[in-house]
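My questions all concern the structure below.
All of the numbers you see were taken from the coordinates with simple rules; none came from a lab. As the structure is a computational prediction, the values presented were derived from the model and not from experiment. Because the Cβ atoms are built from the backbone with ideal geometry, glycine has one as well, and the counts that use them run over all protein chains shown.
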Amino acid sequence: MFKYTPIVIVASLLLAACQAANGITCPQLKQYSPEFLQEVSREVARIDAPNSVQLLKDYGVTRDAIRICLSQQAKELRSTAR
C-alpha cells in the first residue's frame, strides 16, 4: 500500500526545493547519449535483482521531477522577461 510513498515524498521535496526567494532554482540534469541509454537498457534487462531495478525506477522519478522543475523555471524566466 505504501510502496510509492518514498517516491512521492522525494518528488515533493525536490519540487519544493525548486522554489527560491528570487525565483526557481533546479538541480542540473545530466544528459546521456542515446547509445549509452540503449546499453544501460540492455544491462538492466539482464539484472536479476529486484531492489536494484526498483532503485533505478526511483531514480527515473527523480529525473522526472527535475524536468518538471526545469520547465517551471523556464516558464518563470519567460514571464519575467516580458
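Checking the a/c ratio against 1.5 first, then a/b against b/c, what shape does the Cα gyration tensor give for the range 21-82?
Prolate shape, in that a/c is at least 1.5 and a/b is the bigger ratio.
Give, as a single signed number, the net charge of other residues whose beta carbon lies under 15 Å from the beta carbon of residue 42, with Lys and Arg counted +1 and Asp and Glu -1.
Surrounding charge for residue 42 is -3.
Counting Lys and Arg as +1 and Asp and Glu as -1, what is the net charge of the other residues whose Cβ lies under 15 Å from the Cβ of residue 65?
Cβ neighbours under 15 Å give a net charge of +2.
Arrange the following residues from fewest to most other Cβ atoms within 10 Å of their Cβ: 80, 62, 25.
Least to most surrounded, the residues fall as 80, 25, 62.
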